[in-house]
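Since the structure comes first, as structure tokens, the remarks are kept for the end.
The values are calculated or read from the model by the stated rules, or taken from the named source; none is laboratory data. Everything quoted here is computed from the prediction, not taken from an experiment. Methodologically, a virtual Cβ is constructed for each residue, glycine included, from the backbone with ideal geometry; neighbour enumeration extends over all protein chains shown. In case anyone asks, the SASA skips ligands and DNA or RNA and just uses the protein heavy atoms, side chains included. Shrake-Rupley method; radii C 1.70, N 1.55, O 1.52, S 1.80 Å.
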Amino acid sequence: MADYQTILVEAKGAVTLVTLNRPDALNALNSTVLKELIDVFAAYDADDGQRCLVLTGSEKAFAAGADIKEMADQGFAQMYASNFFQGWEKVTATRKPWIAAVAGYALGGGCEVAMMADILIAADTAKFGQPEIKLGVTPGMGGSQRLTHAIGKAKAMEMCLTGRMMDAAEAERSGLVARVVPAADLVAEALKLAETIASMAPLAAIATKEQVNAAYEMTLAQGINFERRLFHGLFGSKDQKEGMSAFVAKRKAEWTGR
Ligand code: CAA
């Protein structure tokens, strides 16, 4: 594994565990964090032996936002010319599934990164918010869009206009997170979920992610057609033959990802 300054990376069987590690800044997301995450997500996508990834932070903070100190002196021209934050699109371009496991603060960019994940699970200590308005700006890493998709306009507008935090119970009620677990169990539960996903047919996992994400981009008719085409396509894979013959023979399927 490469030597990183702001993240810790461990392979746990077929699951990659990535831990944000800037404790002095509550895991604020500076350009080094982004560069390192782009690298580790690309390595994960390219490694046939890795089949799910968990991104987590500390007990106190998943991430308290984009790094305010790094942005404070920037001007419009620099932000616009560099297309600041565009690099996160490399993270969201990851084809294989990944999970965000959130304890403590997930604010601003921290909430936005958590919402980029395919599945978000939260500790009972989690606090989500888009407090950018208190800094004289708005969400900039997708929060106004992904939060609205996840919890609807009423709550998203309220959160973005007031900067108030939402606790884990409200996040679960509102559909922002798949599940809430005790803080002490967060990483173990996230790894267990990741291992379940990692045990599935790898091509079907990529196709499933594409299908569910298409629901945000396509009309219902287009999405259903897209789903059906991917379903048909999987009948060209060895894993479809293996999965169905293993079911008929009452044995465990052995996936090859081909
Ligand atoms: N950027 C840079 N540094 C940050 C940070 C951030 N987003 N959040 C916290 N830190 C730093 C603090 O400056 C502090 O550093 P020093 O010890 O050097 O002073 C350290 O982390 C610990 O923070 P606090 O002392 O503030 O800890 P606390 O427990 O009193 O408060 C908190 C915790 C409520 C989360 C508070 O830190 C806070 O409000 N953080 C900022 C949250 C925020 O506004 N996030 C949005 C950022 S903008 C953004 O994300 C834009 C976007 O859309 C992508």
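A few notes on this one:
- Annotation: of all residues in the stretch 1-41 being among the hydroxyl-bearing types (Ser, Thr, Tyr) and more than 16 Å from the ligand (Cβ to nearest atom), the one that is farthest from Thr196 (Cα to Cα) is Tyr4.
- Any hit, the stretch 105-114, residues being assigned to a loop (DSSP other than H, G, I, E, B) and more than 21 Å from Ala2 (Cβ to Cβ): yes
- The helices (runs of 4 or more DSSP H) found wholly in the stretch 137-246 and carrying at least 1 residues that are of a type in the set (Val, Ile, Thr) occupy 143-151, 153-162, 186-198, 202-217, 220-234.
- Scanning the stretch 117-136 for residues that are more than 27 Å from Ala183 (Cβ to Cβ) and not in a loop (DSSP other than H, G, I, E, B) yields Ile133, Leu135.
- Yes/no for Ile224 being more than 24 Å from Trp98 (Cβ to Cβ), touching a Cys at 6+ places or on another chain (Cβ under 7 Å) and open to solvent by 70 Å² or more (accessible area, probe 1.4 Å): no
- Single unsatisfied condition, Tyr44 versus (1) among the hydroxyl-bearing types (Ser, Thr, Tyr); (2) touching a strand residue (DSSP E or B) at 6+ places or on another chain (Cβ under 9 Å); (3) within 16 Å of the ligand (Cβ to nearest atom): (3)
- Filtered by the rule that a residue be under 23 Å from Lys60 (Cβ atoms), among the small types (Gly, Ala, Ser) and without any contact (Cβ under 8 Å) to a residue 40 or more places away in the chain, the stretch 116-145 gives Gly129, Gly143.
- Qualifying positions in the stretch 86-104 - part of a loop (DSSP other than H, G, I, E, B) and either touching a helix residue (DSSP H, G or I) at 6+ places or on another chain (Cβ under 8 Å) or outside the structural domain of Gly142 (by the TED database) (or both): Gly87, Thr94, Arg95, Lys96, Pro97, Ala103
- Some residue of the stretch 55-68 being under 22 Å from Ala126 (Cβ atoms), in a helix (DSSP H, G or I), modelled with pLDDT of 95 or more and open to solvent by 10 Å² or more (accessible area, probe 1.4 Å): yes
- Condition met for Gly108 (within 11 Å of the ligand (Cβ to nearest atom), open to solvent by less than 10 Å² (accessible area, probe 1.4 Å), within 23 Å of Thr94 (Cα to Cα) and assigned by the TED database to the domain that holds Ala171): yes
- Residue within the stretch 70-83 that is under 21 Å from Cys111 (Cα atoms), at pLDDT 95 or above and under 18 Å from the mean Cα position of the chain (by Cα) present: no
- Test: residue in the stretch 151-168 that is in contact (Cβ under 8 Å) with a residue 24 or more places away in the chain and within 28 Å of Ala42 (Cβ to Cβ): no
Yes or no, residue by residue, for (1) within 11 Å of the chain's Cα centre (by Cα); (2) buried (at least 22 other Cβ atoms within 10 Å of the Cβ):
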{"position": "Gly87", "(1), (2)": "no, no"}
{"position": "Val91", "(1), (2)": "yes, no"}
{"position": "Trp98", "(1), (2)": "yes, yes"}
{"position": "Ala101", "(1), (2)": "yes, yes"}
{"position": "Ala114", "(1), (2)": "yes, yes"}
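- Checked against (1) at pLDDT below 95; (2) open to solvent by less than 50 Å² (accessible area, probe 1.4 Å), Val40 passes all but a single condition, namely (1).
One line per residue, one yes/no per condition, for (1) surrounded by 13 or more Cβ atoms within 10 Å (Cβ to Cβ); (2) charged (D, E, K, R); (3) modelled with pLDDT under 95:
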| site | (1), (2), (3) |
| --- | --- |
| Thr162 | yes, no, no |
| Ser174 | yes, no, no |
| Val187 | yes, no, no |
| Ala194 | yes, no, no |
| Gly236 | no, no, no |
| Asp239 | yes, yes, no |
